[in-house]
Amino acid sequence: MCCLFILLLAGIMKEISFGIAPLRLQSSIWEIFLVKHAKGGYWAMPKGHSNPGESPLETAKRELFEETGLYVHSLILEEPLFENYQFTRSVELIEKTVGYFIVKVSGTVSLQIEEISDGKWVTLEEAHDLITFQESKNILTKIKKTIHSIDN
């Protein structure tokens, strides 16, 4: 099943991508790895489009590894959290949906310099100030609630 959907409906393109909310527990404090995209200079979680035949989770895992060198160690939440937003590419209006899987990760960071200009581990509280777009900040709030329910 290919999960990259680009549809032209009433002059609006629709796109779907999948990504990872990469978490680790350091000294009893949850941290998330954020990337700064070279194109646009915005801070977000790793994400990207599906290749033919990939499931949403396969896409998210591949994009995580390609952009950061990190691996999914374990799923914290089996179903992704979704954000929706619109933007303009050239002169076309794009309606974008991104599904993020909340996971614990392992491995050594190795950034994909063609797409990612920076990346860093930050606490969930610090992430709120670093993430560029409000839609992703809303996802972060849901991640915090999920982690809080696991910790209690």
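The values are calculated or read from the model by the stated rules, or taken from the named source; none is laboratory data. What you see is a predicted model; the values in this text were computed from it and never measured. Counting neighbours? That spans all protein chains shown, and the Cβs are built from the backbone with ideal geometry, glycine included.
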Next item on the list: Identify the residue in segment 107-116 that is within 16 Å of the chain's Cα centre (by Cα) and of a type outside the set (A, V, I, L, M, F, W, C) and, among all such residues, is nearest to Leu64 (Cα to Cα).
Entry: Gln112
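Let me confirm something: among Tyr85, Tyr100, which residue is hydroxyl-bearing (Ser, Thr, Tyr), modelled with pLDDT under 95, under 15 Å from the mean Cα position of the chain (by Cα) and not in a loop (DSSP other than H, G, I, E, B)? Step through it out loud before you land on a result.
Numbers: Tyr100 fails: modelled with pLDDT under 95.
Exactly one residue qualifies, and that residue is Tyr85.
Please pick out the residue among Leu34, Leu64, Leu57, Leu77 that is within 21 Å of Ile150 (Cβ to Cβ), in a loop (DSSP other than H, G, I, E, B) and in contact (Cβ under 8 Å) with a residue 12 or more places away in the chain. Don't jump to the end; show me each part of the working.
Values: Leu34 fails: in a loop (DSSP other than H, G, I, E, B); Leu64 fails: in a loop (DSSP other than H, G, I, E, B); Leu57 fails: in a loop (DSSP other than H, G, I, E, B).
Leu77 is the lone residue from the list that is within 21 Å of Ile150 (Cβ to Cβ), in a loop (DSSP other than H, G, I, E, B) and in contact (Cβ under 8 Å) with a residue 12 or more places away in the chain.
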Note to self: Suppose we filter Glu135, Glu95, Glu126 for residues that are touching an Asp or Glu at 6+ places or on another chain (Cβ under 9 Å), surrounded by 15 or more Cβ atoms within 10 Å (Cβ to Cβ) and part of a helix (DSSP H, G or I); which single one remains?
What the structure shows: Glu135
Checklist line | Which listed residue is polar (S, T, N, Q), in contact with a Cys (Cβ under 9 Å, 6 or more places away or on another chain) and more than 19 Å from Lys142 (Cβ to Cβ), from Ser117, Ser90, Ser50 | finding: Ser50
Checklist line | Residues that are hydroxyl-bearing (Ser, Thr, Tyr) and out of contact with any helix residue (DSSP H, G or I) (no Cβ under 8 Å at 6 or more places or on another chain), drawn from segment 11-48 | finding: Ser27, Ser28, Tyr42
Check: Among Glu58, Glu66, Glu115, Glu78, which is the only one that is exposed (fewer than 13 other Cβ atoms within 10 Å of the Cβ) and of a type in the set (Asp, Glu)?
Finding: Glu78
Notebook entry, point to check: Can Lys137 be described as at pLDDT below 95 and within 14 Å of the chain's Cα centre (by Cα)?
Noted result: no
Check: If we keep just the residues of segment 109-131 that are touching a Gly at 6+ places or on another chain (Cβ under 8 Å) and of a type in the set (Ser, Thr, Tyr), which is nearest to Glu31 (Cα to Cα)?
Finding: Ser110
